[in-house]
Amino acid sequence: MPRTLVIGFGNIDRADDGAAFAVINTLRRRLGRPPLGEGETGWEETGGDLDTVFLHQLTPETAESLVAYRRIVFVDAHVLENAPEIHTFPVTPDFEPAAFTHHLTPAMMLGLLKALYGAEPEGRVVSIRGYDFDFRRGLSPRTGELAAKAAELILGLVENPVQG
C-alpha cells in the first residue's frame, strides 16, 4: 500500500459540517487507534502507512506535512442536492488563488504540493451529504449513517484502490 493520508476537514460546531471528524474517528477506531479529542489534529501520530488527521480547513501551511504521502484522501461535507449522498471522485492538481482566504480546495492543495515540492500524490475526495449546518455539535441522523458508510468506503479505497 502506498503511504496514505486521510485528511478530514470541517467545523464540528456546525452540525453536519463535522461529518469528516466522525469519519476520521471511525477510521481510527477501526485501525485500533484512539479517537481524536476536541482540538486534536492527529499530526503527532503520523508516520505510518495509513495516517488520519482532522483540520478545521486546508491551508497552505499544511502542504509541507503532505509531501511524504503518495496518496491523499480528502474528506468533507457537501450540500449538493444532485450529487450522491457519498460523493467520491479523483482530484488532480489545480491552482486558482483565492484573494481573501487561506482556505484551499483539495485540487489547490495538490497544485501547491506540485508547484512547491514537485510532489504529485494521487488524490481522492470523499464528500458526505450534510443536511443540518446549524450552530450545534453532533450530526443529523442521516449524515451520521453516511459518515459510518464513508469510513468503510475509505477503508475499501485504501485497501483496493480504484482509478477514476
Original post:
Within the bounds of the stretch 71-83, is there any residue that is in contact with a Leu (Cβ under 9 Å, 6 or more places away or on another chain) and of a type in the set (F, W, Y)?
Top reply: yes
Original post:
Which of the residues that make up the stretch 108-152 are part of a helix (DSSP H, G or I), in contact (Cβ under 8 Å) with a residue 60 or more places away in the chain, among the hydrophobic types (A, V, I, L, M, F, W, C) and surrounded by 18 or more Cβ atoms within 10 Å (Cβ to Cβ)?
Top reply: L146, A147, A150, A151
**OP:** Mind listing whichever residues of the stretch 83-92 are farther than 16 Å from T143 by Cβ and in a loop (DSSP other than H, G, I, E, B)?
**Re:** T92
**OP:** Search the stretch 53-82 for residues that are over 23 Å from R142 (Cα atoms) and modelled with pLDDT of 95 or more and pair each with any residue that is assigned to a loop (DSSP other than H, G, I, E, B) and small (G, A, S) when their beta-carbon atoms are under 6 Å apart and the residues are at least 6 apart or on different chains.
**Re:** V53/G42; V67/A119
**OP:** Can you tell me which residue among L50, L5, L36 is at pLDDT 95 or above, surrounded by 16 or more Cβ atoms within 10 Å (Cβ to Cβ) and closer than 25 Å to Y131 by Cα?
**Re:** L36
Original post:
When you go through (1) in contact (Cβ under 8 Å) with a residue 60 or more places away in the chain; (2) in contact with a Phe, Trp or Tyr (Cβ under 8 Å, 6 or more places away or on another chain) one by one for G42, which number turns out not to apply?
Top reply: (1)
Original post:
In this structure, is S65 surrounded by 13 or more Cβ atoms within 10 Å (Cβ to Cβ) and within 22 Å of D17 (Cβ to Cβ)?
Top reply: no
**OP:** Only one of these is modelled with pLDDT of 95 or more and either among the hydroxyl-bearing types (S, T, Y) or under 12 Å from the mean Cα position of the chain (by Cα) (or both): T101, T88. Name it.
**Re:** T88
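The values are calculated or read from the model by the stated rules, or taken from the named source; none is laboratory data. None of these values were measured; they are calculated from a predicted model. All Cβ positions, glycine included, derive from the backbone under ideal geometry; neighbour counts span all protein chains shown.
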